[in-house]
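The values are calculated or read from the model by the stated rules, or taken from the named source; none is laboratory data. Not measured: the values here are computed from a predicted model. Counting neighbours? That spans all protein chains shown, and the Cβs are built from the backbone with ideal geometry, glycine included. Protein only, heavy atoms only, side chains kept; ligands, DNA and RNA dropped before computing areas. Shrake-Rupley method; radii C 1.70, N 1.55, O 1.52, S 1.80 Å.
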Amino acid sequence: MKLLRRFHPSPALVVATAALFAALGGGAYAASTFISGTTIKPNSIPKNRLTGAAIRSLRGARGPRGFTGARGPQGIQGPQGAQGAQGAQGSQGVPGPQGPPGSGDLAWAQVNPNGGSPLLVKSSNFVSVSSPSTGIYCLRASVGVNLAESAPVATQELNLSSIVGLVAVRRSGIPNVNCAVTDLQVVTWDGSNPPNVVNTVGFDVVVP
């Protein structure tokens, strides 16, 4: 009687058979084990596992803008900042036109006492001189010349004097009984002790 030989599959056949089984039955297995929403635990899927479209679909619409809150109290003043650097010097401006030359004096005069009938020998911005009493002279300025805000000076003019005497001046703007308030008053004395007012002393007067 002929004996039957036992079949022993080779390793290659075993691998091929397993691959064929997986190919034929794997899809059905995957379908039967597909993940549904009921099988996902809450808070178990991280953000980096979601697509951008999925993340955007989870965002709601922008809500309305809220009311502006009340203004808070003013804060305390901060410390003063450091001084900035000095700026560059600007360009020099165009010089203005030169003014007319002047004498440096508002008015001046040289007076001859002329024995009580005084005369203006030379003058600028003085139009007349009078002598209401012996040794007292009132000099009137030109129209528009104000002598009140000045410091007049008077000295003896020896060429117009017959004696050596003393001369004093009172500026305009001070009321007195001898000259008008707008006039310049000059008084002359002799050199006696005590001095006497005389009309024989000539003088120069300058109002700067």
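Data overview
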{"quantity": "Label-point separation, V177 to S44 (7 Å along Cα→Cβ), nm", "calculated": "13.0"}
{"quantity": "R56, R71, R171, ranked by accessible area, largest first (probe 1.4 Å)", "calculated": "R71, R56, R171"}
{"quantity": "Rounded FRET efficiency, nearest 0.05, which uses the C-beta distance separating V153 from S117 and R0 of 25 Å", "calculated": "0.55"}
{"quantity": "Point-to-point label distance, Q80-S124, nm (Cα→Cβ direction, 7 Å offset)", "calculated": "5.0"}
{"quantity": "Rounded percent of accessible protein surface that carbon and sulfur make up, segment 62-151, 1.4 Å probe", "calculated": "50"}
{"quantity": "Alpha-carbon Rg/Rh ratio, for segment 108-208, with Rh computed the Kirkwood way", "calculated": "0.94"}
{"quantity": "Accessible heavy-atom area order of I76, I40, highest first, probe of 1.4 Å", "calculated": "I76, I40"}
{"quantity": "Rounded to the nearest 10 Å², the accessible area of S192 at probe 1.4 Å", "calculated": "50"}
{"quantity": "For D183, residues with placed amide H under 5 Å, excluding near neighbours", "calculated": "G173"}
